[in-house]
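Since the structure comes first, as structure tokens, the remarks are kept for the end.
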Amino acid sequence: MHPVLKLLVQRISLGLLLLFAASILIFVGTQILPGDVAQNILGQGATPETLANLRAELGLNDPPLTRYLNWLFAAMQGDLGTALTNGQDIATSMGKRLGNTLFLAVCAAIIAVPLAIVLGLIAVRYQGRWPDRVISGVTLATVSVPEFLLGYIAIFVLSVQFRVFPSLSTVYDGMPFLDRMNAIALPAIVLVLVVLGHMMRMTRAAILNVMQSAYVETAELKGLRKFTIIARHALPNAVAPVVNVVMLNLAYLVVGVVVVEVVFVYPGMGQYLVDHVSKRDVPVVQACGLVFAAVYIGLNLVADIVSILSNPRLRHPK
Amino acid sequence: MMRIPFAAMLGLFFTGVYFFMAIFAGWIAPYGMAEVVGDSWEPWSWAHPLGTDSIGRDLLSRMIWGGQTTIFVATMGTILSFTLGSVLGFIAAVRGGWIDQLLSRLVDLMMSIPSLISALVVLSVMPVTLPILIIVMGVLDATRVFRLSRAVAVDITVMDYVEAARLRGEKQLWIIFREILPNALSPLIAEMGLRFIFMVLFISTLSFLGLGVQPPMADWGGIVKENKDAIVYGVPAALVPAFAIASLAISVNLVADWVLNRTTSLKGGRG
């Protein structure tokens, strides 16, 4: 077997194993409790009958292992159960929201990734001079600020003071594409700002690392222009770390999306999760947790795979 | 005399001011935490320097009381995550073998789910009280401290003086607390600043989502949540606590950066 293929199979099976273990963790996280889930959901004022009903509905009378296996097998077949609060099928109500969230995240990524790489290149080109300082300073500020602050500043400036974009992103089925873009403009801008700082700083560090190698010095001594050196010699060798950085930050985007969706009342997965955590709707929370974990682990896996594939020593073994 | 760079000075000053206000909130705050003193969202005035909030409480007082809660929860969380993470990390490094494997894989697993998601999953069934919040945040964050302290301690355990202590027949606890801890302290302290910021952002985010500190208690994330509706009318009340969070984070960051620089540039290693 080709060594790369072997490594890939190894990584993918490791990822699946991790996802399986994460499902256990999510399940256990909603079970280990001082007391009873049903009691906690209903509060102290619950009557014994409603408690017994809820226990039966949740299947709390079965042993935990049986419950876990039932849940896992159903989830693998796409059946995520029904919500406690409104009795709707979770997979159906999640589908549309997942689409909305992915649309938002992809829009943010399409803007953020090229921007971060270009800014990183500029910062390396003018390392230590004012463009580098300005870019680093601004990105440091966006990194230290919580997502919801960025969101409200964006609302305050762009939708209240200048009235450019709407402050609530309402989207519905069959919405024209341009209207939809207009509606998600603010959350997308905020998400871009949230990941841009990390992504740009890590890109800068990765390229600077390559810039210290001998072949870059040779290129410098040959008299190549600084930008040519960076673009032709440093960047191809920094692809693996840069892709890694991009993927890690996209994984981070998954978390940022939760808060940003709440700020802009965007009908996505994050909003769905937060709503049902406060309603203590355990099946929905478990399902959302599983989906978020799967996306997060998947993106980390892609980062791993790309860095394997971009290593020529692995691609062409002796 | 130690020279402190300007940025670190600024950071120390603001961090000090925030902690001072948090500790002496009861003496400094002009009004009580839940005292209604005026109309809702009054503009800034001499009586109410930051205006009033959604139901007419003095915003400055809310901010000071809220700072107390936020900083208290973040500090306790940081202490918990450090104690737990570093002790387990040192044990993993010193003992090695299956204990190391078990702890490390468990941490890998916990870090494979974003901590906000894990916290939300756990809080969906737990009663949301301050101790529970502190424990959840502390345990989730201990994974990061574990990784760092294990990595630092692995480097130290191969040093001659640890070998010597082992040959002297010292107990494992002695090795952990007398040989490893003093030598691992400076990178850990620099990390502590970053973890504290993370805790402040974490508790604020949870409270903003309505799943952290519960009303009528005030905390910065919660104040943002209470006043967010006013933003569309151009009342900046929700931006005040958000700026407090950001400036606290940046100040602590400046101090942590300075500590980190000082300890790594000192004779090429940990001082």
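The values are calculated or read from the model by the stated rules, or taken from the named source; none is laboratory data. In this text the structure is predicted, and so the values were computed from the model without any measurement. Neighbour counts run over all protein chains shown; Cβ positions are idealised from the backbone, glycine included. Calculation scope for accessible area: heavy atoms of the full protein, side chains included, ligands and nucleic acids excluded. Shrake-Rupley method; radii C 1.70, N 1.55, O 1.52, S 1.80 Å.
Can you confirm whether B:Thr69 is within 17 Å of B:Ile23 (Cβ to Cβ), more than 12 Å from chain A (Cβ to nearest Cβ) and modelled with pLDDT of 90 or more? It is false that B:Thr69 is within 17 Å of B:Ile23 (Cβ to Cβ), more than 12 Å from chain A (Cβ to nearest Cβ) and modelled with pLDDT of 90 or more. Within the stretch A:83-99, the set of residues being buried (at least 16 other Cβ atoms within 10 Å of the Cβ), under 25 Å from the mean Cα position of the chain (by Cα) and under 15 Å from A:Val282 (Cα atoms) comprises A:Ala83, A:Ile90, A:Ala91, A:Met94. When the stretch B:244-261 is filtered for residues that are within 9 Å of chain A (Cβ to nearest Cβ) and open to solvent by 50 Å² or more (accessible area, probe 1.4 Å), only B:Ile250 remains.
Let's see how each residue does on (1) within 16 Å of B:Ser207 (Cβ to Cβ); (2) among the charged types (D, E, K, R):
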| position | (1), (2) |
| --- | --- |
| B:Gly85 | no, no |
| B:Gly89 | no, no |
| B:Asp100 | no, yes |
| B:Pro127 | yes, no |
| B:Arg147 | no, yes |
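Entry remark, the stretch B:209-224: residues being within 20 Å of B:Ser118 (Cα to Cα) and touching a Ser or Thr at 6+ places or on another chain (Cβ under 7 Å) number 4 in total.
Give me the residue from the stretch B:213-243 that is more than 16 Å from B:Thr52 (Cβ to Cβ), open to solvent by 20 Å² or more (accessible area, probe 1.4 Å) and in a helix (DSSP H, G or I) and, out of that set, modelled with the lowest pLDDT. The residue in question is B:Val232. Contact annotation: residue pairs with Cβ atoms under 8 Å, 6 or more positions apart or on different chains, pairing a residue in the stretch A:76-101 that is of a type in the set (Val, Ile, Thr) with a partner that is in a loop (DSSP other than H, G, I, E, B) and open to solvent by 40 Å² or more (accessible area, probe 1.4 Å), are A:Thr82/A:Gln88; A:Thr85/A:Lys279.
Residues in the stretch B:122-137 that are closer than 22 Å to B:Thr70 by Cα, open to solvent by less than 20 Å² (accessible area, probe 1.4 Å) and facing another protein chain (nearest Cβ under 9 Å): B:Leu123, B:Ser124.
Suppose the filter is touching a Ser or Thr at 6+ places or on another chain (Cβ under 7 Å) and either assigned to a helix (DSSP H, G or I) or over 30 Å from A:Arg225 (Cα atoms) (or both); does A:Gly137 pass it?
no
State whether the residues of the stretch A:180-194 include one that is more than 30 Å from A:Gly128 (Cβ to Cβ), of a type in the set (A, V, I, L, M, F, W, C), at pLDDT below 80 and open to solvent by 60 Å² or more (accessible area, probe 1.4 Å). Among the residues of the stretch A:180-194, at least one is more than 30 Å from A:Gly128 (Cβ to Cβ), of a type in the set (A, V, I, L, M, F, W, C), at pLDDT below 80 and open to solvent by 60 Å² or more (accessible area, probe 1.4 Å), which makes the answer yes.
Where helices (runs of 4 or more DSSP H) fall wholly inside the stretch B:88-159, the ranges with 2 or more residues that are under 21 Å from A:Phe20 (Cβ atoms) and either of a type outside the set (Val, Ile, Thr) or free of Cβ contacts under 8 Å to residues at least 24 places away in the same chain (or both) are B:97-111, B:115-123.
Checked against the criteria, B:Val213 does not count as out of contact with any Leu (no Cβ under 6 Å at 6 or more places or on another chain), free of Cβ contacts under 8 Å to residues at least 40 places away in the same chain and on the phi < 0 side of the Ramachandran plot.
Within this structure, A:Tyr252 fails the test of being in contact (Cβ under 8 Å) with a residue 40 or more places away in the chain and more than 23 Å from A:Met202 (Cβ to Cβ). From the list A:Val260, A:Val277, the one residue that fits, being free of Cβ contacts under 8 Å to residues at least 60 places away in the same chain, within 12 Å of another protein chain (Cβ to nearest Cβ) and touching a Leu at 6+ places or on another chain (Cβ under 6 Å), is A:Val277. Where helices (runs of 4 or more DSSP H) sit wholly within the stretch A:211-291, those with at least 2 residues that are farther than 21 Å from B:Gly221 by Cβ and open to solvent by less than 60 Å² (accessible area, probe 1.4 Å) occupy A:214-222, A:239-263. Scanning the stretch B:198-205 for any residue that is of a type in the set (Gly, Ala, Ser) and in a helix (DSSP H, G or I) turns up at least one such residue.
Among the residues of the stretch B:11-29, the one identified as in contact with a Gly (Cβ under 8 Å, 6 or more places away or on another chain), of a type outside the set (Gly, Ala, Ser) and without any contact (Cβ under 8 Å) to a residue 60 or more places away in the chain is B:Met21.
Against the list (1) over 30 Å from B:Ala153 (Cα atoms); (2) modelled with pLDDT of 80 or more; (3) buried (at least 22 other Cβ atoms within 10 Å of the Cβ), the condition B:Gly210 fails is (3). Name every residue in the stretch B:81-93 that is surrounded by fewer than 20 Cβ atoms within 10 Å (Cβ to Cβ) and touching a helix residue (DSSP H, G or I) at 6+ places or on another chain (Cβ under 6 Å), in order of residue number. B:Leu84 - this is the single residue of the stretch B:81-93 that is surrounded by fewer than 20 Cβ atoms within 10 Å (Cβ to Cβ) and touching a helix residue (DSSP H, G or I) at 6+ places or on another chain (Cβ under 6 Å). Per this entry, B:Ser149 is not counted among residues that are at pLDDT below 85 and of a type in the set (Ser, Thr, Tyr). The set of residues in the stretch B:94-109 that are hydrophobic (A, V, I, L, M, F, W, C) and surrounded by fewer than 20 Cβ atoms within 10 Å (Cβ to Cβ) comprises B:Trp98, B:Ile99, B:Leu102, B:Leu103, B:Leu106, B:Leu109. Return yes or no: is A:Val118 at pLDDT below 80 and open to solvent by 40 Å² or more (accessible area, probe 1.4 Å)? No; evaluated as a whole, the condition is false for this residue.
Determine, yes or no, whether A:Leu149 is open to solvent by less than 30 Å² (accessible area, probe 1.4 Å) and either touching a Phe, Trp or Tyr at 6+ places or on another chain (Cβ under 7 Å) or without any contact (Cβ under 8 Å) to a residue 24 or more places away in the chain (or both).
When the stated conditions are applied, A:Leu149 passes them.
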